[in-house]
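Some notes on the structure that comes next.
The values are calculated or read from the model by the stated rules, or taken from the named source; none is laboratory data. As the structure is a computational prediction, the values presented were derived from the model and not from experiment. Cβ sites come from the backbone with ideal geometry, for glycine too, and all protein chains shown count toward neighbours. SASA here: full protein model, heavy atoms, side chains in, ligands and nucleic acids out. Shrake-Rupley method; radii C 1.70, N 1.55, O 1.52, S 1.80 Å.
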Amino acid sequence: MPCLLALLALALPRVTIALLWFLSTWFHGVFDSWLLPVLGFIFAPVTLLWYSAVHNWWGGVWGPWQIAGLVVAILLDLSPSAGKRGK
């Protein structure tokens, strides 16, 4: 199931965020306000998912692998083909 969720997250990150938001407690306690998740949903969905994964899986501890994953997530969000991925 986690592998299927990871594939869904890369293919349709906004759908994954919406499903996690409405069907689980994945984002509870990750953010203090609603502004950052909304901005992440609009502009950087893969980065939002990775940030919340670090918070949920590693307790918010940022080591070298977590930072490398963040860099990959940012590059995926900023890549020229990012707009074509979700369509």
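Among the residues of segment 1-36, the ones that are assigned to a loop (DSSP other than H, G, I, E, B), under 21 Å from Val72 (Cβ atoms) and open to solvent by 100 Å² or more (accessible area, probe 1.4 Å) come to 0 in all. Of all the criteria given as (1) open to solvent by less than 90 Å² (accessible area, probe 1.4 Å); (2) hydrophobic (A, V, I, L, M, F, W, C); (3) not in a helix (DSSP H, G or I), the one not satisfied by Val71 is (3). Per the conditions (1) surrounded by 13 or more Cβ atoms within 10 Å (Cβ to Cβ); (2) hydrophobic (A, V, I, L, M, F, W, C); (3) touching a residue at least 40 places away in the same chain (Cβ under 8 Å), the sole criterion not satisfied by Trp50 is (3). Taking Leu39, is it modelled with pLDDT under 90, in a helix (DSSP H, G or I) and open to solvent by 50 Å² or more (accessible area, probe 1.4 Å)? It is false that Leu39 is modelled with pLDDT under 90, in a helix (DSSP H, G or I) and open to solvent by 50 Å² or more (accessible area, probe 1.4 Å).
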